[in-house]
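Worksheet for the structure shown next.
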Amino acid sequence: MDAVTGFLLFLGLTLAALGVVVVSGFRARRNVHIPAVVCAVVLLLVTIYYAEQLGTQYDLETAGAIYPVHLFFAKVTTPAYLLPIVTGIRTLKKPAGLRWHKRMAFLILLLTVVTAATGTAMVFMADPIAG
């Protein structure tokens, strides 16, 4: 599978899995929520792999100012996925932590959308590498 197809496919699957995570979380369906979280994280890792492959096909620095902006959000968002995971595990043991878990979940969703948007803009603005 080429990098563009793989990236778009796995980005879409990641976002769909995150949708399942949100719905199952609001419905307190832990038997769906927890496996969906695992699935979303695995899909995110595959998406990141294909995003890295895109960097071999495009001169991303030619995208201008969006390039460092996207890299900043990508580097912040990826480890930030630990926040809702840690607070979610804590909530299993101490339900009073649910409010913080929800806040961290919404934070990571917002960061994911910003990272996806800046990444998409970056690729569209970058020059392809001749080859």
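Observations, loosely collected:
- Cα-based shape type of the range 56-99, given that a ≥ b ≥ c are square roots of the gyration tensor eigenvalues and the cut on a/c is 1.5: prolate
- Ordering LEU54, LEU9, VAL76 by the projection of their Cα atoms onto the charge dipole of the range 1-101, which places +1 on the Cβ of Lys and Arg and -1 on the Cβ of Asp and Glu, puts VAL76 at the extreme positive end.
- The range 63-131 - Debye-derived log10 I(q)/I(0), Cα point model, q = 0.14, 0.21 Å⁻¹: -0.52, -0.81
- Correct choice for Kirkwood radius over Cα pairs in Å that was computed from the model, options (1) 18.4; (2) 14.8; (3) 15.6: (3)
- Helix 66-80 and the long axis of the chain differ in direction by around 30°, with both axes built from C-alpha atoms.
- Solvent-accessible area of the chain (1.4 angstrom probe, protein heavy atoms only): carbon and sulfur portion equals 72 percent.
- Cα-based helix-to-principal-axis angle, 30-54 vs the chain, degrees rounded to 10: 10
- Helix 98-125 and the long axis of the chain differ in direction by around 10°, with both axes built from C-alpha atoms.
- Sequence of TYR49, TYR81 from largest to smallest accessible area, 1.4 Å probe: TYR49, TYR81
The values are calculated or read from the model by the stated rules, or taken from the named source; none is laboratory data. All values reported here derive from a predicted model rather than from experimental measurement. Ideal geometry is used to build each Cβ from the backbone, glycine not excepted, and the neighbour counts take in all protein chains shown. Accessible surface areas use protein heavy atoms only, side chains included; no ligands, DNA or RNA. Shrake-Rupley method; radii C 1.70, N 1.55, O 1.52, S 1.80 Å.
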